[in-house]
1. Being surrounded by 12 or more Cβ atoms within 10 Å (Cβ to Cβ) and in contact with a Gly (Cβ under 9 Å, 6 or more places away or on another chain) is the filter here, so list the residues in region 72-90 that pass it.
2. Search region 97-131 for residues being in a loop (DSSP other than H, G, I, E, B) and polar (S, T, N, Q), and hand back the single one that is farthest from residue 166 (Cα to Cα).
3. Kindly indicate whether any position in region 198-209 is buried (at least 19 other Cβ atoms within 10 Å of the Cβ), in contact (Cβ under 8 Å) with a residue 40 or more places away in the chain and over 16 Å from residue 41 (Cα atoms).
4. With the condition kept exactly as written, say whether any residue in region 159-171 is assigned to a strand (DSSP E or B), at pLDDT 95 or above and either over 24 Å from residue 61 (Cα atoms) or not hydrophobic (A, V, I, L, M, F, W, C) (or both).
5. If you check 183, 190, 199, which single one turns out to be within 29 Å of residue 116 (Cβ to Cβ), of a type outside the set (Phe, Trp, Tyr) and modelled with pLDDT under 95?
6. Just to be sure, is residue 142 buried (at least 17 other Cβ atoms within 10 Å of the Cβ), within 21 Å of residue 48 (Cβ to Cβ) and more than 16 Å from the chain's Cα centre (by Cα)?
7. Just a yes or no: is a residue in region 224-234 within 14 Å of the chain's Cα centre (by Cα) and either within 20 Å of residue 49 (Cα to Cα) or in contact (Cβ under 8 Å) with a residue 60 or more places away in the chain (or both)?
8. For the list (1) within 26 Å of residue 70 (Cα to Cα); (2) surrounded by fewer than 23 Cβ atoms within 10 Å (Cβ to Cβ), I need the number of the one condition that residue 176 fails.
Amino acid sequence: MMNRIKNSIFTLLLLTLMGCNSTETQDSGNQGGSYTQDNSIDYQSKFINEANCNQIIDNEFIHICYDYKLKATKSVAYRLEGDLMNDPNIDKRPSFYVEKSIEKKYRISSTDYINSGYDKGHLAPDAAFDWSDESLNAVYTLANIIPQAPQVNRNMWSKVEKFARDKAVELGELDVINIVKYGQRSKRIGKNRMAVSQGFYKVLYNDKQNYKECFYYANKLNLSSRNDELSKHDVNCNEVSY
């Protein structure tokens, strides 16, 4: 009789422990737009470092990872302050300028875009930095610009840029990194033979608010922007890579 009671108590304790473990497993499996602090990633350190970049440019407002062989930027990181997104906008835009911190043989100029079929596409967008002359001028360095298919730059990429500004207002601040994906044999344009990307990611995150979303845009000249929606570009953040 005593053995039966002992066995029953042991079984009850075992079932209770199994139930606790099951609950913990379900809680840790949370997916979607939010994520736990344990799964947070310092994207800037992951993508902008000496191993990935021939030159890292920090002009106070944006951090740029530049590649000499590509003669192009691989990634640009920055933080959007929500209270600055609604500040009065500066209407007059500055001119694009050569990034003189890059050695001349590795840099490009605006003339490389002439008759290329591509727009000068901002990675850190001017609309997010038009709250001061200094910040706006910072994003007009050609090191922050890549060749973008016109319909992508004007109609698709601009939507996710606005979404990021709105999200910064909602959360108070937002970290952003744009990561450019090149092929093994990238198309080249201009006298300086600048590489053209296959596409680019935009990663939005705020560790304090447990928020993260990632988007990808193919850089194809024949794409149609008709019926384009932000949700069509949403990707799993684990897929983001050079």
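The values are calculated or read from the model by the stated rules, or taken from the named source; none is laboratory data. Fair warning: this is a prediction, and the values are worked out from it, not measured in the lab. Every residue, glycine among them, receives a Cβ derived from its backbone with ideal geometry; neighbour counts consider all protein chains shown.
1. Hits for region 72-90 are 81, 82.
2. 115
3. Taking region 198-209 and keeping what is buried (at least 19 other Cβ atoms within 10 Å of the Cβ), we get 200-206.
If we keep only those that are in contact (Cβ under 8 Å) with a residue 40 or more places away in the chain as well, we get 200, 202-205.
Still in the list and also over 16 Å from residue 41 (Cα atoms): 200.
Yes, region 198-209 contains a residue that is buried (at least 19 other Cβ atoms within 10 Å of the Cβ), in contact (Cβ under 8 Å) with a residue 40 or more places away in the chain and over 16 Å from residue 41 (Cα atoms).
4. Here is the first cut: in region 159-171, the ones assigned to a strand (DSSP E or B) are none.
Scanning region 159-171 turns up no residue that is assigned to a strand (DSSP E or B), at pLDDT 95 or above and either over 24 Å from residue 61 (Cα atoms) or not hydrophobic (A, V, I, L, M, F, W, C) (or both).
5. 183
6. On the way: buried (at least 17 other Cβ atoms within 10 Å of the Cβ): yes; within 21 Å of residue 48 (Cβ to Cβ): yes; more than 16 Å from the chain's Cα centre (by Cα): yes.
For residue 142, the condition - buried (at least 17 other Cβ atoms within 10 Å of the Cβ), within 21 Å of residue 48 (Cβ to Cβ) and more than 16 Å from the chain's Cα centre (by Cα) - is met.
7. Quick first cut of region 224-234, residues within 14 Å of the chain's Cα centre (by Cα) only: 233-234.
Applying the additional criterion that residues be either within 20 Å of residue 49 (Cα to Cα) or in contact (Cβ under 8 Å) with a residue 60 or more places away in the chain (or both) yields 233.
Checking region 224-234: at least one residue is within 14 Å of the chain's Cα centre (by Cα) and either within 20 Å of residue 49 (Cα to Cα) or in contact (Cβ under 8 Å) with a residue 60 or more places away in the chain (or both).
8. The single condition residue 176 does not satisfy is (2).
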